[in-house]
1. Which angle from 0 to 90°, rounded to the nearest 10, does the C-alpha axis of helix 2-13 make with the longest principal axis of the chain?
2. Expressed as a whole percentage, what fraction of the accessible surface of the chain belongs to carbon and sulfur atoms when a 1.4 Å probe is rolled over the protein heavy atoms?
3. Taking the Cα centre of the chain as the origin and placing charges on Cβ (Lys, Arg +1; Asp, Glu -1), which of 51, 22, 37 is farthest toward the positive end of the dipole?
4. Mind checking the dipole of the chain: about its Cα centre, +1 per Lys or Arg Cβ, -1 per Asp or Glu Cβ, Debye to the nearest 20?
5. When the chain is fully extended, how far beyond the present Cα-Cα distance does residue 55 get from residue 12, taking 0.36 nm per residue of separation?
6. Along the principal axes of its C-alpha atoms, what lengths does the chain span, in descending order and rounded to whole Å?
7. Around residue 12, with a cut-off of 11 angstrom between Cβ atoms, what is the net charge of the other residues, counting Lys and Arg +1 and Asp and Glu -1?
8. If I model a spin label as a point 7 Å beyond the Cα along the Cα-Cβ vector, how far apart are those points for residue 25 and residue 40 in nm?
Amino acid sequence: MGEELLLYARKVVTPGAKELSAVEYRWLACRLTEALTDALRVAESRGDRIPDPPENPDS
């Protein structure tokens, strides 16, 4: 769904594209916000699983 959403967003913001209503722009903004929130949650979760590097006593 994320890729489809981005394709749609690109189509509606390109110069010469048909103008949407305020409700349609709001819907798009809300869906994009949700997608970014999901992506951030996944990135943070994956980052939390990366082990800390071992301490180097020679440093």
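The values are calculated or read from the model by the stated rules, or taken from the named source; none is laboratory data. What you see is a predicted model, and the numbers here were worked out from it, not measured in a lab. Cβ coordinates were reconstructed from backbone atoms using ideal geometry, including for glycine residues, and neighbour counts include every protein chain displayed. In case anyone asks, the SASA skips ligands and DNA or RNA and just uses the protein heavy atoms, side chains included. Shrake-Rupley method; radii C 1.70, N 1.55, O 1.52, S 1.80 Å.
1. With both axes taken from Cα atoms, the answer is about 50 degrees.
2. 58 percent
3. Looking along the dipole axis, the top candidate is 22.
4. Taking the Cα centre of the chain as origin, the dipole is about 520 debye.
5. Separation in residues times 0.36 nm, less the Cα-Cα distance, equals 10.4 nm.
6. 63, 20, 17
7. So the surrounding residues net to +1.
8. Each label point lies 7 Å from its Cα, and together they span 2.3 nm.
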